[in-house]
Amino acid sequence: MEKKAHTVKNNLIAGLDDRDIKYLGKTRSGKVHDKRIADEEQAQVPDGYEVYRDSGFQGHQMGEGITLFEPKKKPRGGELTREEKRRNQAISRTRVVVEHVISGVKRCRCVKDVFRNWKDGFDDLVMELACGLHNFRNASRVRND
């Protein structure tokens, strides 16, 4: 019988233009749903911004002055229309940048692997350091844009 791993997760907000991490939430148990974490943390985004997020946040309200883009889930027993599929693909093409930012943070394997250190606040510190290293590596990168 396989034992379950003790997983942890964080919510983060990354910029599409500069690929920097703009916000990092507290480290939570992997069992807690993304929407519940977002509801509790109440992260704010300035008015006029566009937010691309995955379907785990459906139903979470962020504010009045922002534009939300999230994929539409397939209805139970039904299908998405061709236009809905195209829109989901467009959202995914943009969101892949954020997924690459997340993988950049997870280059620090201590963030990705099973975390065994249970000192209070240490898991938050490790994630902050990994995000800081990502932002530093990103700022040091030579751009050919």
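Take the residues in the range 15-49 that are in contact (Cβ under 8 Å) with a residue 24 or more places away in the chain and assigned to a strand (DSSP E or B); name whichever of them is nearest to VAL97 (Cα to Cα).
Looking at residues that are in contact (Cβ under 8 Å) with a residue 24 or more places away in the chain and assigned to a strand (DSSP E or B), I get ILE21.
Does GLY59 fit the bill of being at pLDDT 90 or above, more than 18 Å from GLY15 (Cβ to Cβ) and part of a loop (DSSP other than H, G, I, E, B)?
no
Tell me, yes or no, whether the range 37-46 has at least one residue that is farther than 27 Å from ASN135 by Cα and surrounded by 12 or more Cβ atoms within 10 Å (Cβ to Cβ).
no
So the check is Cβ under 9 Å with 6+ separation or different chains; which pairs have a first residue in the range 58-72 that's surrounded by fewer than 13 Cβ atoms within 10 Å (Cβ to Cβ) and a second one that's among the aromatic types (Phe, Trp, Tyr)?
GLY65/TYR49; THR67/TYR49
TYR49 - would you say it is modelled with pLDDT of 85 or more, within 27 Å of THR7 (Cα to Cα) and open to solvent by 40 Å² or more (accessible area, probe 1.4 Å)?
The answer is no for TYR49.
Taking the options ARG76, ARG87, ARG95, name whichever one is under 12 Å from the mean Cα position of the chain (by Cα) and either without any contact (Cβ under 8 Å) to a residue 40 or more places away in the chain or in a helix (DSSP H, G or I) (or both).
Values: ARG76 fails: under 12 Å from the mean Cα position of the chain (by Cα); ARG87 fails: under 12 Å from the mean Cα position of the chain (by Cα).
Testing whether each residue is under 12 Å from the mean Cα position of the chain (by Cα) and either without any contact (Cβ under 8 Å) to a residue 40 or more places away in the chain or in a helix (DSSP H, G or I) (or both) leaves just ARG95.
Filter the range 94-128 for residues that are surrounded by 10 or more Cβ atoms within 10 Å (Cβ to Cβ) and basic (Lys, Arg); which is farthest from LEU16 (Cα to Cα)?
For the range 94-128, the residue satisfying everything is LYS112.
The values are calculated or read from the model by the stated rules, or taken from the named source; none is laboratory data. Note that this is a predicted model, so its numbers are computed, not measured. Neighbour counts are summed over all protein chains in view; Cβ atoms, including those assigned to glycine, are modelled from backbone coordinates with ideal geometry. For the accessible areas, the whole protein counts, side chains as well, though only heavy atoms, and no ligand, DNA or RNA atoms are used. Shrake-Rupley method; radii C 1.70, N 1.55, O 1.52, S 1.80 Å.
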